[in-house]
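Below: one structure, written as structure tokens.
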Amino acid sequence: MAARREPDLLEQLTTDHEVLRVRFSELGGLPLGDPRRCRLAAVTADALVRHLTAEEEHLYPLARPGHPPGDDAVDHGLQSHAALRALVRELRGAAPGSAEFDRLVARLVEAATGHFGREEARVFPAVRERLAPVRLAALGAQVRATEAEASAMPLPGPLAQAPPDELVAPELPWRERMHRRFRFGDSSRT
């Protein structure tokens with residue numbers, strides 16, 4: 001019987017993204033105000049913070065040299081991490097089951113899924129191209145260890161500012177939500 005191969009750095013981080021996306025989907029499937037939603041949001045936020053810590057320690061130091069000057073994929077990724085941590089802090093301060101809590105969950109899901117997509121498209125390929133498979137395999141084990149040991153509490157940082165709230169208020173009539181979301185009549189958007 002052949003030994004089971006452990007995921008390398010990028011496989012592990014991609015698996016983390018997939019697990020978090022599934023949890024986000026589960027959150028979306030639970031009714032607003034459901035106590036299970038609050039518990040799942042807390043567990044998901046903890047896993048997200050541990051994942052971000054592992055990426056900052058193991059992925060981003062390797063990614064920077066692989067990007068040409070002027071390519072902001074690494075800087076943007078780290079700024080996204082800070083914004084996600086800020087959203088987690090806000091979420092932890094919100095009253096469970098409140099409208100604010102649900103809105104913060106939606107913002108966190110939107111920001112994280114967008115971040116994952118950009119990271120998988122721009123940062124992961126640069127790292128895969130630069131590192132030997134044996135090095136990626138060793139880093140996969142290190143990522144798993146870091147995630148297991150990392151604090152789930154987001155630490156404040158210099159860029160710890162939540163991304164702007166671009167979600168349209170659900171209490172508005174449908175027509176007004178569409179107007180605000182897509183800015184109909186605004187000739188500055190193309």
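The values are calculated or read from the model by the stated rules, or taken from the named source; none is laboratory data. Just so we're clear, the structure is a prediction, and the values are computed from it rather than from any experiment. Virtual Cβ from ideal backbone geometry, glycine too; neighbours counted across all protein chains shown. Ligands, DNA and RNA are excluded from the accessible area calculation, which covers all protein heavy atoms including side chains. Shrake-Rupley method; radii C 1.70, N 1.55, O 1.52, S 1.80 Å.
Brief remarks on what is shown
- For segment 16-150, a crude dipole built from +1 on the beta carbon of Lys and Arg and -1 on the beta carbon of Asp and Glu, taken about the Cα centre, is about 180 debye to the nearest 20.
- Separation of the residue 151 and residue 120 label points, Cα + 7 Å toward Cβ, nm: 3.1 nm
- Exposure ranking of 89, 107 by accessible area [1.4 Å probe, largest first]: 89, 107
- Per residue accessible area of segment 94-155, 1.4 Å probe, in Å²: 50 Å²
- Label-point gap, in nm, between residue 18 and residue 129 - each point 7 angstrom along Cα→Cβ: 2.5 nm
- For segment 1-145, the relative contact order works out to 44 percent when only alpha carbon pairs closer than 8 Å and six or more residues apart are counted.
- In segment 1-118, the inverse of the mean reciprocal separation of distinct Cα atoms equals 15.5 Å; this is its Kirkwood hydrodynamic radius.
- Sequence of 53, 113, 44 from largest to smallest accessible area, 1.4 Å probe: 113, 53, 44
- When the solvent-accessible area of segment 50-149 is split by element, carbon and sulfur atoms take up 56 percent of it, the probe being 1.4 Å.
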